[in-house]
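Each remark here refers to the structure printed beneath this line.
The values are calculated or read from the model by the stated rules, or taken from the named source; none is laboratory data. Fair warning: this is a prediction, and the values are worked out from it, not measured in the lab. Here Cβ is always computed from backbone atoms with ideal geometry, including for glycine, and neighbour counts include all displayed protein chains. Heads up: the accessible areas ignore ligands, DNA and RNA and are worked out on the full protein's heavy atoms, side chains in. Shrake-Rupley method; radii C 1.70, N 1.55, O 1.52, S 1.80 Å.
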Amino acid sequence: MRVCPPLLLLILAMTACSTDSRPGGGDLAVRWSVVDNVTGGPERFAAELTLVNRSAQPLPDSGWAVYFNFPRPIFSETVTPTLRIDHVNGDLFRLTAGPAFDPRQDTTTVDMEAAFWVINRSEAPAGFYLAYDDAPPQPIADVTIGAFTTPAQTQRFAADVKPVADAAYRYRENAALPSVPPSGYPGIVPTPQRATFDRTRTFDITPETVIYHDAGLEHEAAYLAEHLAERLGTEALQVSAERPEELEGIRLSLGAPEGEAHPESYQLGIEEHGVRLSAPEPAGVFYGIQSLLALLPVERWTAPASALPLPLGEVADAPRFAYRGMHVDVSRHFHGPATIKTLLDGMAFYKLNRLHFHLTDDEGWRLAIPGLPELTEVGARRGHTLDEADRLVPSFGSGPFPDVNAGSGHYTRDEFIDLLRYATARHIEVIPEIDMPGHARAAIVAMEARHQRLTDAGDAEGAGQYRLTTPGDTSVYRSVQGWTDNVVDVCRPSTYAFLEKVTDEIAAMYAEADAPLTMIHTGGDEVPPGAWSGSPACEGDGDVHARFHDFFERFAEILFARGLRAGGWEEVALLESAAGKAPNLAMADQAVVPYVWNTIWGWGGEANAYRLANAGYDVVLSNATNLYFDLAYAKHPEEPGYYWADFVDTRKAFSFIPLDLYRTATEDRLGQPIAPDAFATADRLTDAGRANVLGIQGQLWSENAKTEAGLEYLIWPKLLGLAERAWAADPAWAQIDNVDARQAATDAAWAQFAQTVGTRELPRLDGLSRGIAYRIPPPGAVLDDGMLRANMPYPGFTIRYTTDGTEPTAASPVYTRPVAVDGPVQLRAFNAQGRASRIVALPSS
């Protein structure tokens with residue numbers, strides 16, 4: 001029997017210490033592995049779970065449970081009867097003793113089947129903890145996920161022909177890229193419309209350089225002075241509102257060039273005696289500043305120097321799309337203000353101008369709303385609970401303790417206002433998303449807690465003022481993410497009172513921050529069949545789609561009345577019928593902006609964006625196949641991220657053709673080739689429809705972004721491809737009709753872009769903002785008759801290797817050319833700062 005000192009309850013639980021003889025969380029181990037994805041077809045797969053008790057004491061017959069999160073529905077009836085696995089809600093499951101459980105056995109192994117498949121670690125069970133009925137929960141730290149080595153473990157089902165991106169596959173892919181000469185001028189990403197440089201002559205910025213600016217450009221001048229000072233290693237540069245007669249220093253001015261100019265356009269001229277930067281609006285000056293900073297020697301971003309040479313030359317530039325966005329989800333996992341500011345810094349440098357802020361979802365409400373404290377006191381916390389009176393249940397492996405996991409956290413009102421000011425200073429508009437009517441469980445649970453608090457206080461009227469559910473609702477449904485109670489009751493007046501309250505409080509924050517608020521995104525996606533069917537507040541058997549659209553129209557009217565547009569995922573603008581989905585023409589002339597995401601090849605929605613644009617909707621392209629950055633870079637068990645729509649790497653974003661996306665289609669998410677004429681009769685954009693495409697947006701859903709490094713790994717360098725397509729002109733290769741010729745031209749363009757990414761952009765990210773933890777790709781490598789051959793998709797990295805079974809470090813031998821090796825080979829790629837890729841282990845030759 002272990003004896004515990006009298007510590008706080010949380011410390012007691014976290015140390016898995018116990019005052020009795022029952023096994024604690026530290027005594028248990030879990031082993032889980034995929035057995036077979038393929039045999040059961042696309043609907044189910046087989047797995048194996050082992051529970052190990054290393055304590056001298058047995059687990060009791062009852063009174064305990066092991067909880068864990070798992071994104072696949074488990075078929076409970078298939079679990080071997082020694083243990084029982086029940087679905088709690090969402091992705092939370094509970095494991096208990098089954099009818100055949102033998103507590104005398106140290107090891108209990110069960111077979112189980114679950115829906116679909118699992119081919120990488122991101123989808124494996126996580127967040128295991130032990131909970132006794134009469135004691136605090138205890139984490140189980142010893143969890144092993146089996147290796148994915150056989151085809152049955154790495155293939156989804158028989159139709160999945162996409163190869164595993166192992167070392168040999170990566171080597172072949174890297175080697176297939178065409179060789180390209182070094183760029184003819186210092187690179188600017190995204191590519192400007194026109195740029196010419198004389199690399200033999202420079203203008204040198206020094207600590208004595210003065211920045212002159214017109215009235216109205218005070219913020220831009222201060223921004224430039226701050227960033228140049230950082231690169232120079234000095235405290236500050238002088239900023240002046242004077243206008244010297246002769247060109248000297250750096251001159252920032254407002255004024256449109258001859259002819260009509262885009263408000264975000266700019267002209268940059270670098271001459272022997274100074275720099276001229278002019279634009280019609282401050283935003284254009286700001287983007288010209290980013291190009292000026294991009295021309296600085298890349299090494300100055302991590303090693304300041306007393307002079308910053310700029311090549312003489314000219315840039316004339318303007319964006320292709322007015323809307324250039326990045327979506328970030330802070331609901332599934334919370335990311336604090338510092339992380340968001342770093343993202344904003346990166347977005348600003350690459351000329352993105354919209355942050356779509358996904359603040360609410362089933363798993364968390366992240367913004368404090370005055371007057372509704374439960375939204376964050378309850379809805380922003382996750383941890384072990386049986387009644388959710390003061391927290392939500394764990395999700396995505398967030399574990400039992402509500403205040404020590406990335407599933408908990410929120411922005412205070414002051415923090416949010418500060419973020420708005422920070423974004424506005426960088427000419428980025430923040431579009432908040434309040435996801436309704438589905439994906440709303442955090443709000444629902446929070447408002448139930450509020451209802452209980454006010455009821456207990458005797459305020460029955462106030463208790464129901466913002467309630468989002470109706471007592472006695474017998475509706476039965478299950479959302480895509482496994483929730484059985486995540487849809488607000490659209491038939492309750494209190495639901496709309498809640499939306500008005502939240503909208504007005506958000507608008508007040510924007511007003512205090514002096515930040516633009518033109519749109520609130522309403523979510524509107526993935527409402528499950530069965531919602532509202534048993535609600536006493538809803539009369540009759542109204543169709544779920546009809547009720548959804550009635551709800552959206554009412555929510556939109558709330559926004560319209562306040563001078564705001566209503567954004568939403570594509571579902572808000574599409575009507576469903578037996579014939580399929582079609583634009584809701586009744587809303588096409590309203591201030592509704594659909595974000596079209598579900599364009600997965602072969603699913604039937606490929607033309608939705610163009611149909612909506614042709615029908616008169618302003619559309620933002622958010623295609624999952626190319627722009628969902630939470631999807632894994634490649635098919636590999638160790639590559640984090642989901643892959644339901646496809647695998648998405650930087651090239652997928654770079655090669656996206658926004659206004660003719662069918663040309664992007666080469667193979668589907670399973671690796672099956674798509675016929676060149678597969679979309680020969682599909683809807684194309686009309687001239688009016690082209691004008692209605694506002695722009696494009698990258699999406700980062702945060703199920704697998706549990707840390708700041710994890711978030712940045714998934715975003716960067718994918719965001720570089722997004723920025724190129726959002727700002728730069730439509731590339732010549734996108735216009736080539738012949739499929740083979742277009743592919744060859746695309747390969748050459750990507751090789752040139754990859755060279756720029758490797759030699760300039762990634763080294764720059766090491767010093768941008770606080771430093772960005774971009775993904776360092778693992779090397780490609782093969783063993784050929786005892787010779788090690790290795791390569792990288794980008795230049796600029798150092799490959800190091802070992803042959804003695806140890807992990808490569810910054811002191812290991814450097815690979816420079818094919819080398820004879822003997823022994824188990826392991827490799828890693830290192831950047832100049834010493835950060836490394838994951839380890840690559842080669843099978844013995």
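Take segment 708-723 and flag every residue that is assigned to a helix (DSSP H, G or I), in contact with a helix residue (DSSP H, G or I) (Cβ under 8 Å, 6 or more places away or on another chain) and surrounded by 22 or more Cβ atoms within 10 Å (Cβ to Cβ).
Let us first name the residues in segment 708-723 that are assigned to a helix (DSSP H, G or I), namely 708-715, 718-723.
After this cut, where a residue has to be in contact with a helix residue (DSSP H, G or I) (Cβ under 8 Å, 6 or more places away or on another chain) as well, the list is 708, 711-712, 715, 718-722.
Once the filter is applied, which keeps residues that are assigned to a helix (DSSP H, G or I), in contact with a helix residue (DSSP H, G or I) (Cβ under 8 Å, 6 or more places away or on another chain) and surrounded by 22 or more Cβ atoms within 10 Å (Cβ to Cβ), segment 708-723 yields Leu711, Glu712, Ile715, Lys718, Leu719, Leu720, Gly721, Leu722.
Give me the residue from segment 746-778 that is of a type in the set (Asp, Glu) and closer than 17 Å to Trp301 by Cβ and, out of that set, surrounded by the most Cβ atoms within 10 Å (Cβ to Cβ).
Here the answer is Glu761.
Could you tell me which numbered condition Ala56 fails, if it satisfies all but one of (1) open to solvent by 10 Å² or more (accessible area, probe 1.4 Å); (2) under 27 Å from Leu392 (Cα atoms); (3) aliphatic (A, V, I, L, M)?
(2)
Counting only residues that are within 28 Å of the chain's Cα centre (by Cα) and part of a loop (DSSP other than H, G, I, E, B), which one in segment 577-599 is surrounded by the fewest Cβ atoms within 10 Å (Cβ to Cβ)? Quick ask: steps written out before the conclusion?
Taking segment 577-599 first, the residues within 28 Å of the chain's Cα centre (by Cα) are 581, 583, 591-599.
In the following step, the residues that additionally are part of a loop (DSSP other than H, G, I, E, B) were identified as 591, 597-599.
Working: Ala591: 16, Trp597: 25, Asn598: 22, Thr599: 25.
Per the criteria, the residue is Ala591.
Could you check Ala65 against (1) part of a strand (DSSP E or B); (2) open to solvent by 10 Å² or more (accessible area, probe 1.4 Å); (3) of a type in the set (Gly, Ala, Ser); (4) within 11 Å of Leu130 (Cα to Cα) and say which number it fails?
Going through (1) part of a strand (DSSP E or B); (2) open to solvent by 10 Å² or more (accessible area, probe 1.4 Å); (3) of a type in the set (Gly, Ala, Ser); (4) within 11 Å of Leu130 (Cα to Cα) one by one, Ala65 breaks only (2).
How many of the residues in segment 54-72 are in contact (Cβ under 8 Å) with a residue 60 or more places away in the chain and either aliphatic (A, V, I, L, M) or at positive phi (or both)? Reasoning before the result, please.
Step one: filter segment 54-72 for residues in contact (Cβ under 8 Å) with a residue 60 or more places away in the chain, giving 63-69, 71.
Among the residues that remain, those that are also either aliphatic (A, V, I, L, M) or at positive phi (or both) are: 63, 65-66.
Count: 3.
Counting just the residues of segment 539-557 that are within 20 Å of Gly472 (Cα to Cα) and of a type in the set (D, E, K, R), which one comes out nearest to the chain's Cα centre (by Cα)? Give the derivation first.
Within segment 539-557, the first condition is being within 20 Å of Gly472 (Cα to Cα), and the residues that meet it are 539-544, 547.
Going one step further and asking which of them are of a type in the set (D, E, K, R), we end up with 539, 541, 543, 547.
Numbers: Glu539: 39, Asp541: 38, Asp543: 33, Arg547: 30 Å.
Top of the filtered list is Arg547.
Does Ala613 fit the bill of being under 22 Å from Gln155 (Cβ atoms), touching a Lys or Arg at 6+ places or on another chain (Cβ under 8 Å) and either in a strand (DSSP E or B) or among the aliphatic types (A, V, I, L, M) (or both)?
Working: under 22 Å from Gln155 (Cβ atoms): no; touching a Lys or Arg at 6+ places or on another chain (Cβ under 8 Å): yes; either in a strand (DSSP E or B) or among the aliphatic types (A, V, I, L, M) (or both): yes.
So Ala613 does not fit the description; no.
Tell me which of these Met509 doesn't satisfy, since it passes every other one: (1) outside any helix (DSSP H, G or I); (2) surrounded by 15 or more Cβ atoms within 10 Å (Cβ to Cβ); (3) modelled with pLDDT of 95 or more.
The single condition Met509 does not satisfy is (1).
Quick check on my filter: what residues within segment 518-537 are without any contact (Cβ under 8 Å) to a residue 60 or more places away in the chain, in contact with a Phe, Trp or Tyr (Cβ under 7 Å, 6 or more places away or on another chain) and open to solvent by less than 40 Å² (accessible area, probe 1.4 Å)?
Here is the first cut: in segment 518-537, the ones without any contact (Cβ under 8 Å) to a residue 60 or more places away in the chain are 529-530, 532-533.
Those still in the list that are in contact with a Phe, Trp or Tyr (Cβ under 7 Å, 6 or more places away or on another chain) too: 529-530.
Gly530 - this is the single residue of segment 518-537 that is without any contact (Cβ under 8 Å) to a residue 60 or more places away in the chain, in contact with a Phe, Trp or Tyr (Cβ under 7 Å, 6 or more places away or on another chain) and open to solvent by less than 40 Å² (accessible area, probe 1.4 Å).
Taking segment 35-51 only, how many residues are over 16 Å from Pro151 (Cα atoms), hydrophobic (A, V, I, L, M, F, W, C) and open to solvent by 20 Å² or more (accessible area, probe 1.4 Å)?
0
Do you know which of the residues in segment 101-115 that are in contact with a Pro (Cβ under 7 Å, 6 or more places away or on another chain) and at pLDDT 95 or above is nearest to Ser55 (Cα to Cα)?
First, pick out the residues of segment 101-115 that are in contact with a Pro (Cβ under 7 Å, 6 or more places away or on another chain): 103-104, 114-115.
In the following step, the residues that additionally are at pLDDT 95 or above were identified as 114-115.
Values: Ala114: 30, Ala115: 33 Å.
Within segment 101-115, the match that is nearest to Ser55 (Cα to Cα) is Ala114.
Identify, by number, the condition in (1) crowded, with 16+ Cβ neighbours inside 10 Å; (2) assigned to a helix (DSSP H, G or I) that Glu299 doesn't meet.
(1)
Mind listing whichever residues of segment 788-822 are surrounded by fewer than 17 Cβ atoms within 10 Å (Cβ to Cβ) and either in contact with an Asp or Glu (Cβ under 6 Å, 6 or more places away or on another chain) or at positive phi (or both)?
Listed by number, the list holds a single entry, Gly805.
Before we move on, is Gly602 part of a loop (DSSP other than H, G, I, E, B) and touching an Asp or Glu at 6+ places or on another chain (Cβ under 7 Å)?
Values: part of a loop (DSSP other than H, G, I, E, B): yes; touching an Asp or Glu at 6+ places or on another chain (Cβ under 7 Å): yes.
Yes.
May I ask you to verify whether Arg172 is open to solvent by less than 60 Å² (accessible area, probe 1.4 Å), under 33 Å from the mean Cα position of the chain (by Cα) and on the phi < 0 side of the Ramachandran plot?
Numbers: open to solvent by less than 60 Å² (accessible area, probe 1.4 Å): no; under 33 Å from the mean Cα position of the chain (by Cα): yes; on the phi < 0 side of the Ramachandran plot: yes.
Against the criterion (open to solvent by less than 60 Å² (accessible area, probe 1.4 Å), under 33 Å from the mean Cα position of the chain (by Cα) and on the phi < 0 side of the Ramachandran plot), Arg172 does not qualify.
Hey, does segment 461-483 have a residue that's part of a helix (DSSP H, G or I) and in contact (Cβ under 8 Å) with a residue 24 or more places away in the chain?
Checking segment 461-483: not a single residue is part of a helix (DSSP H, G or I) and in contact (Cβ under 8 Å) with a residue 24 or more places away in the chain.
Output the number of residues of segment 565-576 satisfying the condition of being in a strand (DSSP E or B) and either closer than 16 Å to Glu526 by Cα or open to solvent by less than 20 Å² (accessible area, probe 1.4 Å) (or both).
Within segment 565-576, the first condition is being in a strand (DSSP E or B), and the residues that meet it are 565-569, 574-576.
Next cut, either closer than 16 Å to Glu526 by Cα or open to solvent by less than 20 Å² (accessible area, probe 1.4 Å) (or both) only: 566-569, 574-576.
Here the count works out to 7.
Taking Glu242 as meeting all but one of (1) open to solvent by less than 40 Å² (accessible area, probe 1.4 Å); (2) over 26 Å from Asp766 (Cα atoms), write down the number of the exception.
(1)
Can you tell which of Thr202, Thr149, Thr191 is within 28 Å of Ala307 (Cα to Cα) and assigned to a loop (DSSP other than H, G, I, E, B)? Explain how you work it out, then say what you get.
Numbers: Thr202 fails: assigned to a loop (DSSP other than H, G, I, E, B); Thr149 fails: within 28 Å of Ala307 (Cα to Cα).
It is Thr191.
For segment 18-34: of the residues being of a type in the set (S, T, N, Q) and outside any strand (DSSP E or B), which is least open to solvent (accessible area, probe 1.4 Å)?
Step one: filter segment 18-34 for residues of a type in the set (S, T, N, Q), giving 18-19, 21, 33.
If we keep only those that are outside any strand (DSSP E or B) as well, we get 18-19, 21.
Details: Ser18: 14, Thr19: 100, Ser21: 61 Å².
Looking at the filtered set, the residue picked out is Ser18.
If I ask for residues that are of a type in the set (A, V, I, L, M, F, W, C) and more than 30 Å from the chain's Cα centre (by Cα), which ones from segment 100-138 would you list?
Within segment 100-138, the subset of a type in the set (A, V, I, L, M, F, W, C) is 100-101, 110, 112, 114-119, 124, 126, 128, 130-131, 135.
Hits for segment 100-138 are Ala100, Phe101, Val110, Met112, Leu130, Ala131, Ala135.
Going through Leu419, Leu454 one at a time, which residue ends up being free of Cβ contacts under 8 Å to residues at least 60 places away in the same chain and not polar (S, T, N, Q)? Can you show your working first?
On the way: Leu419 fails: free of Cβ contacts under 8 Å to residues at least 60 places away in the same chain.
Exactly one of Leu419, Leu454 is free of Cβ contacts under 8 Å to residues at least 60 places away in the same chain and not polar (S, T, N, Q), namely Leu454.
Residue-wise test of (1) open to solvent by less than 20 Å² (accessible area, probe 1.4 Å); (2) part of a loop (DSSP other than H, G, I, E, B); (3) not aliphatic (A, V, I, L, M).
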site: Leu375; (1), (2), (3): yes, no, no
site: Gly379; (1), (2), (3): yes, yes, yes
site: Asn405; (1), (2), (3): no, yes, yes
site: Val430; (1), (2), (3): yes, no, no
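What are the residue pairs meeting all of these: first residue in segment 713-738, first residue within 19 Å of Gly758 (Cβ to Cβ) and in contact (Cβ under 8 Å) with a residue 60 or more places away in the chain, second residue in a helix (DSSP H, G or I) and basic (Lys, Arg), Cβ atoms under 7 Å, and 6 or more apart or on different chains?
Close Cβ pairs satisfying both conditions: Gly721/Arg651.
Collect the residues in segment 198-231 that are open to solvent by less than 70 Å² (accessible area, probe 1.4 Å) and at pLDDT below 95, keeping them in residue-number order.
Asp198
What number of residues in segment 84-132 are buried (at least 22 other Cβ atoms within 10 Å of the Cβ), touching a helix residue (DSSP H, G or I) at 6+ places or on another chain (Cβ under 7 Å) and more than 18 Å from Val34 (Cα to Cα)?
The number of residues fulfilling the criteria is 2.
Tell me which of these Thr424 doesn't satisfy, since it passes every other one: (1) outside any loop (DSSP other than H, G, I, E, B); (2) under 22 Å from Leu372 (Cα atoms); (3) open to solvent by 30 Å² or more (accessible area, probe 1.4 Å).
With respect to (1) outside any loop (DSSP other than H, G, I, E, B); (2) under 22 Å from Leu372 (Cα atoms); (3) open to solvent by 30 Å² or more (accessible area, probe 1.4 Å), Thr424 is out only on (2).
Pick from Asn614, Asn692, Asn704, Asn623: which is surrounded by fewer than 22 Cβ atoms within 10 Å (Cβ to Cβ) and either touching a Ser or Thr at 6+ places or on another chain (Cβ under 6 Å) or among the aliphatic types (A, V, I, L, M) (or both)? I'd like the intermediate steps shown before the answer.
Working: Asn692 fails: either touching a Ser or Thr at 6+ places or on another chain (Cβ under 6 Å) or among the aliphatic types (A, V, I, L, M) (or both); Asn704 fails: surrounded by fewer than 22 Cβ atoms within 10 Å (Cβ to Cβ); Asn623 fails: surrounded by fewer than 22 Cβ atoms within 10 Å (Cβ to Cβ).
Step by step, each of Asn614, Asn692, Asn704, Asn623 is checked, and only Asn614 is surrounded by fewer than 22 Cβ atoms within 10 Å (Cβ to Cβ) and either touching a Ser or Thr at 6+ places or on another chain (Cβ under 6 Å) or among the aliphatic types (A, V, I, L, M) (or both).
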